[in-house]
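Notes to accompany the following structure.
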Amino acid sequence: NPQYPTTLSLNLTQPLFRGLRYDDARHRIEVAGKNRSLTNEQLRQRLIDTVTRAIAAYWELDYARRNLDVQTEAVRLAEQQFASIRRQAEQGILAAVDVTAAQTQVATFQGNLFAAQAGVTQAENALKAMMLPDRSDRLWANALGTQTQDPPRAILPLVTDAVKQALAQRPELAQSGIALEINSA
């Protein structure tokens, strides 16, 4: 006679303390508050990025203007040198090859000048694109200038203090911390 034992079991688990102090509505309110904090940190990060790009665009324009000044001076000096070499060649002191070399130098510097002018235009357009809402604004037709002054002498903080302050104010670290809090809740 084979025997087949059968059993039927039913387990019912009722956590008695679940939701006693922390229900779903409170949880959602807490997560919404953390999401608001996360959104604020994301906005702060975006503002930092925008200001950083604007400052970089300004300094690119300042560099382009200074480079244009340097290239203009280089062309002026090369033209003076070419005139001097040409006079010396006419007097028989220098060979005609030297005149050709000086003329080539002038042409090279003029090419650099044109490239510097294009760089100024590109830097102006990049800065205008950040500042102005659309290309129909009348400021697009005007040239932008820069005014730079020597920065005042500041007292620099200690490196350890500066690193602590920088890490405390990093928005992406704050975003990561808030995201961890939301996920663990």
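Some notes on this structure:
- Using the Cβ-Cβ distance between T104 and T148 with R0 set to 35 Å, the FRET efficiency works out to roughly 0.50.
- Residue list for the range 72-96, given a label point 7 angstrom along the Cα-to-Cβ vector of Q117 and an amide N cut-off under 19 Å: 72-80
- For the range 22-106, chymotrypsin sites (Phe, Trp or Tyr not before Pro) meeting the loop criterion (DSSP other than H, G, I, E, B) and having at most 16 other Cβ atoms within 10 Å: Y22.
- Considering only I85, A115, A101, and ranking their Cα positions along the charge dipole of the chain that arises from unit charges at the beta-carbon of Lys, Arg, Asp and Glu, the one farthest toward the positive end is A115.
- Average accessible surface area per residue within the range 1-86, 1.4 Å rolling probe, Å²: 88 Å²
- GNM top mover of Q42, Q149, Q14 - the chain, alpha-carbon springs below 10 Å: Q14
- The range 30-185 - convex hull of the alpha-carbon atoms, volume per residue in Å³: 224 Å³
- Theoretical FRET efficiency, 1/(1+(r/R0)^6), r = Cβ-Cβ of T13 and S184, R0 22 Å, to 0.05: 0.40
- Net charge over other residues, Cβ less than 14 angstrom from the Cβ of L173 (K, R count +1; D, E count -1): 0
- Cα-based Kirkwood hydrodynamic radius, the range 47-101, one decimal, Å: 14.1 Å
- The charge dipole of the range 1-115, taken about its Cα centre with unit charges on the Cβ atoms of Lys, Arg (+1), Asp and Glu (-1) only, comes to about 740 debye.
- In this structure L167 has an accessible area near 100 Å², from a 1.4 Å probe over the protein heavy atoms.
- Label point distance in nm, Q80-M131, each placed 7 Å from Cα along Cα→Cβ: 3.4 nm
- Cα pair distances exceeding 17 angstrom across the range 1-122, given as percent: 77 percent
- When the convex hull of its Cα atoms is projected in every direction, mean area for the range 118-185 (nm²): 9.5 nm²
- For the options L68, L173, L113, a Gaussian network treatment of the chain with springs between C-alpha atoms closer than 10 Å singles out L173 as fluctuating the most.
The values are calculated or read from the model by the stated rules, or taken from the named source; none is laboratory data. Since we're looking at a predicted model, the values are computed, not measured. Every residue, glycine among them, receives a Cβ derived from its backbone with ideal geometry; neighbour counts consider all protein chains shown. Protein only, heavy atoms only, side chains kept; ligands, DNA and RNA dropped before computing areas. Shrake-Rupley method; radii C 1.70, N 1.55, O 1.52, S 1.80 Å.
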